[in-house]
Amino acid sequence: MARIAIISCKKIKDVTCVSCMKCFKGVKEKAGEFARYEGQEIEVVAMGDCGDCPGLVMPKLVLIHDLAGVYGREIDAIHLGTCMVRATTTAGCPLKLEELAAKIREKFNKEVIIGTHPW
Ligand code: SF4
Ligand code: SF4
């Protein structure tokens, strides 16, 4: 069982990427960055956004981490959504995803994957 959290771009989520249907499809089909979980069940434990520009990902993750403790939920890996990749590559997002991923790994000692669905 892979227990994951997905972090999205607040500007894109439910605006141009409606209702996170692409990530739910990706999880179901183990497509894109979810292919790494082939042979395992994927449980989406949390799905939050970046906290809006210029990106409040770290404080948001602290809250998610704390609430996961309160609710007795474990998170094995954190995915930075394909929406965040698109935001940084096509829309002037100020986040540096590689640096952010390294910070998250260091603070939370979790696997961090840049990207989610392939569409
Ligand atoms: S890439 Fe995934 S997390 Fe981001 S808005 Fe689209 S479906 Fe939601
Ligand atoms: S900081 Fe980046 S990921 Fe977050 S809302 Fe702004 S553009 Fe989207």
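Things worth noting here:
- For G51, the requirement of being assigned to a loop (DSSP other than H, G, I, E, B), without any contact (Cβ under 8 Å) to a residue 60 or more places away in the chain and near ligand 2 (Cβ under 8 Å from one of its atoms) is met.
Quick grid of which residues meet (1) away from ligand 2 (no atom under 16 Å from the Cβ); (2) in contact with a Gly (Cβ under 6 Å, 6 or more places away or on another chain); (3) not hydrophobic (A, V, I, L, M, F, W, C):
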| site | (1), (2), (3) |
| --- | --- |
| I4 | yes, no, no |
| K13 | no, no, yes |
| T16 | no, no, yes |
| F24 | yes, no, no |
| E29 | yes, no, yes |
| F34 | yes, yes, no |
| E38 | yes, no, yes |
| V44 | yes, no, no |
| M47 | no, no, no |
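- Among the residues examined, G92 does not qualify as in a loop (DSSP other than H, G, I, E, B) and touching a Pro at 6+ places or on another chain (Cβ under 8 Å).
- Extreme residue, farthest from ligand 1 (Cβ to nearest atom), among residues of the range 75-84 that are in contact with a helix residue (DSSP H, G or I) (Cβ under 7 Å, 6 or more places away or on another chain) and either hydrophobic (A, V, I, L, M, F, W, C) or more than 18 Å from C23 (Cβ to Cβ) (or both): I75
- Residue, nearest to ligand 1 (Cβ to nearest atom), within the range 18-29, restricted to residues that are within 15 Å of the chain's Cα centre (by Cα) and surrounded by fewer than 20 Cβ atoms within 10 Å (Cβ to Cβ): K22
- In the set (1) crowded, with 20+ Cβ neighbours inside 10 Å; (2) more than 15 Å from ligand 1 (Cβ to nearest atom); (3) among the acidic types (D, E), the condition left unmet by E111 is number (1).
- Residue count for the range 34-69 satisfying the condition of being acidic (D, E) and touching a helix residue (DSSP H, G or I) at 6+ places or on another chain (Cβ under 8 Å): 1.
- Subset of the range 54-68 [surrounded by 14 or more Cβ atoms within 10 Å (Cβ to Cβ) and part of a loop (DSSP other than H, G, I, E, B)]: G55, L56
- Top-ranked residue of the range 69-90 - restricted to ones that are without any contact (Cβ under 8 Å) to a residue 60 or more places away in the chain and crowded, with 16+ Cβ neighbours inside 10 Å, ranked as nearest to ligand 2 (Cβ to nearest atom): T88
- Search result, residues across the range 1-13 that are outside any strand (DSSP E or B) and within 7 Å of ligand 1 (Cβ to nearest atom): C9, I12
Read-outs throughout are calculated quantities, based only on the coordinates presented, and are distinct from any laboratory measurement. These numbers were taken from a predicted model, which means no experiment stands behind them. All Cβ positions, even for glycine, are placed from backbone atoms using ideal geometry, and neighbour counts span all protein chains on display.
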